[in-house]
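The values are calculated or read from the model by the stated rules, or taken from the named source; none is laboratory data. Bear in mind that the values here come from a model prediction, so they are computed numbers and not experimental data. With ideal geometry, Cβ positions are generated from the backbone for all residues, glycine too; neighbour counts draw on all protein chains shown. The area values use the complete protein model at the heavy-atom level, side chains included, leaving out ligands, DNA and RNA. Shrake-Rupley method; radii C 1.70, N 1.55, O 1.52, S 1.80 Å.
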Amino acid sequence: MGEQNTLKEKTAKGLLWGGMSNGIQQLLTLVFGIILARKLSQADYGMIGMLAIFSAIAACMQEGGFISALNRKKEVTQRDYNAVFWASLLTSIFFYALFFFTAPLIARFYGIPELAPLARYSFLSFLLVSLSIAPRAYIFRNMMVRQSSIISIVSVFLSGVVGIVMAMNGFAYWGIATQNIVFTLSVSVLNYYFSGWRPSLQIDLRPIREILGFSSRLIATNILTAVNANYFSVLLGRFYTREEVGDFTQANKWNTMGHSFITSMLYGIAQPVLTKVQDDIPRQKQIFRKLLRFTAFVSFPAMLTLSLVSHEFIVILITEKWLNSAHMLRLLCVAGAVMPVSYLFSNLLISRGHSSSYMWCMLAQCIAQLVVVGLAVPFGIRFMVVGFVAVNILWVVPWFFLARKEIHLSVVEALKDVTPYMLLAIGSVGIAYLATYGISNLYFSLVAKVSVSVAIYCISLWLLHSTIFKEAVLFMVKKEIT
């Protein structure tokens, strides 16, 4: 009972710290994003967006699934962490050299010569990220959510300041690239500071073999995830203009900020907690269902409300020059509401040790996305976004059926956990839209839509005696953060 209470306490505090951390990060990112978007052009963001897929793939390769693999081990030693450090560093050196020499080919593919030097500079972040993987694995395994929160907040602040200073001094897309590099450098330094872990000069990669089977499937899956998240910019850069890439990059950034607020809270908690109780299926199912209800409780109202106010949000914050982004954001947020649910199901598979099922499901999703969006290319960006959204929403079904076999979760149980919050969120947003229809003032419209939507949602949950809602309120009111 004592261990159960400790785990419950860690989970609650982790979610609270994760929520606070992400709230502060989102606020900082919002402020910095507004300033940069007002100062820079669509073409500037388009230049960075075209390189995003290469950075994402390299990051997946150097991380190697080591964080999740170490988390699953019963016992982890200094030797294991040290092996991960050297494997990550050597992998990143290889990939930086590869992309350094192929940068001209990337520039030729897009038909933009300026991309070659930008790519070589941007990809320096590969080397910096690799240095932090071992200490980050230590922090993740030990559920040091408070320390992880501080690392993220400080890094976002420092990198944001650097990005703004460079943009104000006319460095354009070089400022965005430098912002990313400063962020990874700050994360690396602070991970060492808070973890207390240090590498040794003895290079022994034998422990890597023990976790390679599990981690190799995660590598493949993470690459597919990276491709899935970034191929849109590749297609747009190849068939459309850099300005259109910039519009999508901006819309996708705000959508990602929204749904990652929830997934980041879950990241530091879901997998470690579910792994700790993997031998007790009934208890793991109980914990998973509570996490599922919490995810639906937060995700659907947050993302659907952002979709509702996308026009006002974009125009007020970053001016009418980004109006095309608002149309894309409205659609993307619908998929963003479902993504945290899919993320939670996938984390359950990893905690159960089924990285192969995770990999094949992600591969199938990636192929479906590519086919649907590829077919939509001749019809324009709007059709491509609709196809992207549709596949993301529908793919929660395969994730559910894979998770169902692991913890014997029935369709009725899953619907009971998710559907009430989804329907309440849809209803709240619908009423807010009708109640505020015709308001011409953008500021008044934004405040009115958000206020009505949130008020109706919260009042409905209270009247329906929602356990998750009351627990969240009571925890925020009564608990001290220690």
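In terms of the Cα gyration tensor, with a ≥ b ≥ c the square roots of its eigenvalues, is the range 299-357 rounded because a/c is under 1.5, prolate because a/b exceeds b/c, or oblate? Please report the intermediate quantities before stating the final value.
Numbers: a/c = 4.37, a/b = 3.03, b/c = 1.44.
Since a/c reaches 1.5 and a/b is larger than b/c, the shape of the range 299-357 is classed as prolate.
Taking 21 Å as the limit for the C-alpha separation, the pairs 253/290; 416/449; 39/253 exceed it in the case of 253/290; 416/449. Taken over the chain, the convex hull of the Cα atoms encloses 147 Å³ per residue.
With only the Cα atoms considered, the range 37-137 has a convex hull volume of 102 Å³ per residue.
Okay, which of the range 142-162 sit inside 17 Å, backbone N to the point 7 Å along the Cα-Cβ direction of residue 27? From the range 142-162, the list is 149-158, 160-161.
Ordering 291, 424 by accessible surface, largest first, gives 424, 291; the 1.4 Å probe counts only protein heavy atoms, with every chain in place.
Out of all Cα-Cα pairs in the range 332-440, roughly what percent, to the nearest whole number, are more than 22 Å apart? Cα-Cα pairs in the range 332-440 separated by more than 22 Å: 46 percent. Scoring 183-190, 99-106 by mean Cβ neighbours within 10 Å over their residues and listing the highest first yields 183-190, 99-106. Once all protein chains are placed together, residue 114 keeps about 80 Å² accessible to a 1.4 angstrom probe.
Note on residue 108 and residue 379: their simple-model spin labels are 3.5 nm apart, each label 7 Å out from Cα toward Cβ.
Give me the percent relative contact order of the chain, please, defined on Cα pairs under 8 angstrom at least 6 residues apart.
Numbers: 644 pairs, mean separation 91.4, N = 482.
With pairs under 8 Å counted, the relative contact order is 19 percent.
Here, the range 94-174 yields an orientationally averaged convex hull projection of 6.9 nm² when only Cα atoms define the hull.
Computed extension length for residue 437-residue 38: 140.8 nm, one decimal, from 0.36 nm per residue of separation with the Cα-Cα distance subtracted. Projected over every direction and averaged, the convex hull enclosing the alpha-carbon atoms of the range 287-330 yields 3.4 nm². Considering only protein heavy atoms and a 1.4 Å probe, what is the carbon-and-sulfur percentage of the accessible area of the chain? Of the solvent-accessible surface of the chain, carbon and sulfur hold 68 percent. Only helices enter this figure: runs of n ≥ 4 DSSP H residues, each worth -39500 (n - 2.57), summed and divided by the residues of the chain, yield -29500 deg cm²/dmol at 222 nm to the nearest 500. Note on residue 91: accessible area approximately 40 square angstrom, rounded to 10, probe 1.4 Å, nucleic acids and ligands left out.
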